[in-house]
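Student: Sharing a structure here in C-alpha cells format.
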Amino acid sequence: MKSMSVLISCVSVGLAVGIGLTWHSDEPEKVPDNIAVKTTQPATPEASRSTSFNQFSSLWGKAGAEPAAPEKAAIIEDLWKRAMTPAEKLKPGDDAQDKLRKLAQSDPDVMKNLMGRYAREIDPNAKELLRSVLSTIEKPEILEFSKQLATSGDADQRKDGLAMLQNLSTDSQEVRNILKQTLATERTPSVIVQALTALKPATVDPAESEAIIAQLKGLTQNADPSVRGQSVLQLAQWDKTGAAQNTLSQALTDQAPEVRQAAIFAVAQSGTQSDSAKTALMNMISNVNESKDVRGSALQVLERFKLSKDEMTKVSQARSDVLGL
C-alpha cells in the first residue's frame with residue numbers, strides 16, 4: 001500500500017542565454033509615408049513578455065550603478081554554465097548552483113544579472129534553475145520582483161511570481177493581500193493552485209482569518225479538481241475552530257479520487273473526530289470500486305477514530321482486502 005501523500009506541485013526554472021544587465025525593447029522601424037499598412041500584426045508572445053517586463057525592468061537596473069566589470073561578468077557566466085551542466089559531468093564537489101546563489105546573495109551585480117536573465121529566458125529548465133536561485137535571495141529587489149510578477153497580466157508570470165513568494169521566507173500583509181486578491185479574481189487553475197500553495201497559515205486578525213476560510217470553502221467547489229484538492233488541504237490548516245468539518249467531510253465524497261485523497265489527508269491534519277467524517281471514511285473502505293490507494297489512506301486515518309465492534313470488523317475486512325492479508 002502506498003503511503004498517503006498529497007503532491008504539491010512546485011515550480012521550476014532554468015538556461016540563460018546571456019549576461020544582459022538591462023532590458024531594452026527594439027525601436028520599431030519607420031514605415032515610409034507612401035507605403036500603406038493594410039493590417040496591424042498581433043503582438044507575438046515574446047513581444048508581450050518584453051512589454052510586461054519593461055514595466056519593471058528598473059528592478060535589475062537598481063542593483064548596481066554600472067554594469068559588472070568584464071572579469072566579474074566572466075565569473076558569472078562560468079558559474080551559470082556549470083550550474084546548467086548535468087551533475088555527472090561536473091567535477092566531484094563542484095556545486096556551481098550553490099556558489100552562484102551565495103554570490104548573488106552578497107553581490108548586487110550578480111543578483112541584477114540573474115533577474116535580467118530570468119526576464120528574458122524562455123527555456124523552462126533554465127527558468128526553473130533561476131527561480132530556485134532567486135527565491136533564496138532575501139533582498140528587497142527580489143521580493144519586489146516576485147510581487148510584480150505575481151500581479152502581472154500574463155498567467156505564466158503570475159504563476160512564477162507566486163512560486164517565488166512561496167519560497168521566500170516572508171509573511172507580510174502585503175503578500176497575503178496579493179494572494180487573497182489572486183484567489184478572488186484568478187481564472188487559470190494552475191495559478192490558483194500556486195496561490196493556494198503560497199498561502200502560508202499565519203496568526204492573523206480573526207476577521208481576516210474568517211475571510212480567508214470563506215474563500216477556501218468557496219474554492220472547494222471549483223470546477224477544477226486540482227483547485228478543490230489544494231483548497232481542502234489549506235482549509236484544514238487555516239480552520240482552528242472546527243467550522244470547516246462539514247466541508248472536509250463533503251470533500252471525502254468528491255467525484256475526483258485526487259480530491260478524496262487530499263480530503264483524507266486534511267481530515268487527519270485537522271484532527272476531527274466527527275461522525276460525518278467517520279461515516280464517509282467507512283464508506284470509502286467498504287467501496288470495492290474505490291482505488292486501493294484511497295482505501296488504504298482511509299484505513300490509516302480511521303485508526304484515530306473511536307470505532308464500534310461492527311466498525312472494527314469492517315476495518316479488519318477492508319484491511320485484508322486492500323493489503324491482501
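The values are calculated or read from the model by the stated rules, or taken from the named source; none is laboratory data. A quick note: this is a predicted structure, and the numbers were derived from the prediction, not measured. Methodologically, a virtual Cβ is constructed for each residue, glycine included, from the backbone with ideal geometry; neighbour enumeration extends over all protein chains shown. Side chains are part of the model used for accessible areas, which takes the heavy atoms of the whole protein and leaves out ligands, DNA and RNA. Shrake-Rupley method; radii C 1.70, N 1.55, O 1.52, S 1.80 Å.
Student: I want to check the label-to-label distance for Ala69 and Thr188. Put each point 7 Å from Cα in the C-beta direction and report it in nm to one decimal.
Tutor: Each label point is offset 7 Å from its Cα along the Cβ direction, giving 4.2 nm.
Student: Compute the FRET efficiency between Glu258 and Ser286 as 1/(1 + (r/R0)^6), taking r as their Cβ-Cβ distance and R0 = 22 Å, and round to the nearest 0.05.
Tutor: Between Glu258 and Ser286 the formula returns 0.60.
Student: Multiply the residue gap between Thr85 and Gln269 by 0.36 nm, knock off their C-alpha separation, and tell me the result in nm, one decimal place.
Tutor: Residue separation times 0.36 nm, minus the Cα-Cα distance, leaves 62.2 nm.
Student: So what J values fall out for region 178-191 if you push phi through Karplus, 6.51 cos²θ - 1.76 cosθ + 1.60 with θ = phi - 60°, rounded to Hz, Gly and Pro as x?
Tutor: Rounded to whole hertz, the list is 4, 5, 5, 5, 4, 5, 7, 10, 5, 10, 8, x, 5, 6.
Student: Work out the FRET efficiency for Ala155 and Lys309 from their Cβ-Cβ distance, taking R0 = 56 Å, and round it to the nearest 0.05.
Tutor: 0.55
Student: Per residue, what volume in Å³ does the Cα convex hull of region 79-214 take up?
Tutor: 123 Å³
Student: How large is the convex hull of the C-alpha atoms of region 110-180 per residue, in Å³?
Tutor: Enclosed volume per residue, from the Cα hull, is 80 Å³.
Student: Only sites in a loop by DSSP and with at most 15 other Cβ atoms within 10 Å count here; which GluC sites (Glu not before Pro) in region 234-325 make the cut?
Tutor: Glu303
Student: Kindly report the accessible area of region 213-325 per residue (heavy atoms of protein chains, probe 1.4 Å, no ligands, DNA or RNA), in Å².
Tutor: So region 213-325 comes to 49 Å² accessible per residue, rounded to a whole number.
Student: Would you compute, for the Cα atoms of region 171-318, the largest minus smallest coordinate along each principal axis and list the three values in descending order, in whole Å?
Tutor: 52, 29, 19
Student: Need the full-extension length gain, Arg120 to Asn222, defined as separation in residues times 0.36 nm minus the C-alpha distance. One decimal, nm.
Tutor: Extending this stretch completely gives an extra 33.3 nm.
Student: Still on this model: For region 98-115, in order, what is each residue's ³J(HN,Hα) by Karplus, 6.51 cos²θ - 1.76 cosθ + 1.60 with θ = phi - 60°, in whole Hz (x at glycine and Pro)?
Tutor: 5, 5, 5, 4, 5, 5, 5, 5, 9, 10, x, 5, 5, 4, 4, 4, 5, 5
Student: Need one number: nm distance between label points at Asp94 and Ala202, each 7 Å from Cα along Cα→Cβ, rounded to one decimal.
Tutor: With each label placed 7 Å out from Cα toward Cβ, I get 4.2 nm.
Student: Now, a different point. Taking the Cβ of Glu71 as the center, what net charge do the other residues with Cβ under 12 Å away carry, scoring Lys and Arg +1 and Asp and Glu -1?
Tutor: -2
Student: Still on this structure: Report the one residue of Val232, Ala266, Thr203 whose Cα lies farthest in the direction of the positive end of the charge dipole of region 177-325 (charges on C-beta: Lys and Arg +1, Asp and Glu -1; origin at the Cα centre).
Tutor: Towards the positive end, the residue furthest out is Ala266.
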